[in-house]
1. So what's the gap between the Cα centers of region 248-298 and region 346-403, to the nearest angstrom?
2. Please list, short to long, the whole-number percent of alpha-carbon pairs of region 310-351 in consecutive 10 angstrom bins beginning at zero.
3. Calculate the dipole size of region 283-440 relative to its Cα centre from +1 charges on Lys and Arg beta carbons and -1 charges on Asp and Glu beta carbons; express the result in debye to the nearest 20.
4. Using 1/(1 + (r/R0)^6) with R0 = 25 angstrom and r between the beta carbons of Asp132 and Asp212, what's the FRET efficiency to the nearest 0.05?
5. Want the number for Asp402 to Asp386: 0.36 nm per residue separation, take away the alpha-carbon distance, what's left?
6. If you place +1 on the Cβ of every Lys and Arg and -1 on the Cβ of every Asp and Glu, how big does the dipole about the Cα centre of the chain come out, in debye to the nearest 20?
7. Go through region 323-428 and name the GluC sites (Glu not before Pro) that are in a DSSP coil and have 16 or fewer other Cβ atoms within 10 Å of their Cβ.
8. What is the set of long-range amide H partners of Thr223 at a cut-off below 5 Å, with H atoms built 1.01 Å from backbone N?
Amino acid sequence: MSARAGVSHKICAIWGAAVLSVMGVSGYADADEFTTLKGHGGPVMALAVSPEGQVATGSFDNAVGLWHDRSPRWLEAHDAAVTALAFIDAGRLVTAGDDFALYLWPQGSGKGELIGRHQGKIRALAVVPNGDTLVSASWDGEIGLWPLDDGSERRITVGSGINDVAVGPDGSIYAATMSGQILVYEAADSPPRRLVDQGFGINQLVLGPDGDWLAYGAVDGATRVVDSQSGDPVADFTLERRPILAMAHHAETARLAVGDGQGYIMMVDTETWRISSDFRATRAGPVWALDFAPDGQTIWAAGLDDLAYGWPVALMGEAEAQIAGNRGFLKDPATMPNGERQFMRKCSICHALDPGDSRKAGPSLHDVFGRPAGTLAGYRYSEVLDGSDIIWGEVTIDALFDLGPDHYIPGSKMPMQRITDPQDRRDLIAFLKRATKVEK
């Protein structure tokens, strides 16, 4: 199942009002039409569906949406993109992201409980079969084992960054590494068994319901299934598309969904090991997240859009791509002046230019010139900017991108990035002065 954004864009028309009420989104008709969940301020990077059908979405806007009748309840505690979600049960959701933190959200609670932190971005979550332990995968090279009731946290040091984890029926932990290996840990304190070594980073793992097979997707586009004990090949669905970014499995319907960087969703029958459908789901950009509804008749998908899409499996391949993926920074650079181009590339995914509330990851830049840093009402700033003596203007904005946020305002939420060319910085500042100006 595993990812607030640029300029606003028109949302493609909803093809109906539709998913089964069993999905936990009541009031809809049949499972033969599309639905969308709209409200995030950035690309949706993570999806999870509870056994009762409630949908949770995690976004680049740092927020989690918990959806009821297409209306979200926002869960906000993270200071960076939310990239991993896991329902422990109907009443508890765990979220994790690029801020290295894990939060537990009890049912009905608007305040997350900090479980703990990694030393790097968290890419995936899994729950052991008895439900008493959460497993996390991080780019810090460690697997975290977090007790959900009593006990102390434990760590498994892998070394290489970890992109995904899966837990077998016997509690064995499978880890997909950035170095292209799948390692199996029968116990937290035992050395790993190397199951796969395929040379390119492995992004996704899906373990069969009985633990007998393991599917994986990799940076080079490899989509393969192996015996979970021996590593022997079972099936290979590698196509000329890469990277593989999302996988989900529905045991009762024997469906394995695979999403890639070129916007396709491939559906595999895990009983016959044949491709049952393969179609382009996005008009531009990747498929970042997938998960099935409880009955397996609808699959939730997300990409560069600020929406999650409920896609009827029966219509896959019979309809045009629905995920627009038309972010501002994907426009032809030749159609934009240089200052606007720098804004689209460096700023638009986090900042709006318009006044008023938004769900983007950063505060609006409207009327930013002359504004003290950390003072826009309604935005939750990091502590380093709360009470800062920085006044935003030509000099400070130039310094911000010359040095990079991590050096100019260390400890802030801003991602590490620089604009090294002085002319590019001047063009960006000139664009911002025009685009953020308050009309008197």
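Each reported figure results from applying straightforward, stated rules to the coordinates on display, with no laboratory input. Predicted model only: the values in this text are computed from it and were never measured. We place every Cβ from the backbone using ideal geometry, glycine too, and count neighbours over all the protein chains shown.
1. For region 248-298 versus region 346-403, the Cα centre distance is 39 Å.
2. The percentages, shortest bin first, are 25, 33, 19, 21, 3.
3. On the way: 18 positive and 22 negative charges, 83 e Å.
Rounded to the nearest 20 debye, it is 400 debye.
4. Working: r = 24 Å, r/R0 = 0.96.
That pair, Asp132 with Asp212, gives E of 0.55.
5. On the way: separation 16, 0.36 × 16 = 5.76 nm, distance 2.23 nm.
Gain on extension, Asp402 to Asp386, equals 3.5 nm.
6. Numbers: 38 positive and 57 negative charges, 336 e Å.
Approximately 1620 debye in magnitude.
7. Details: sites: Glu340, Glu383, Glu394; in loops: Glu383.
Within region 323-428, the qualifying GluC sites (Glu not before Pro) (loop, at most 16 other Cβ atoms within 10 Å) are Glu383.
8. Phe237, Thr238, Leu239
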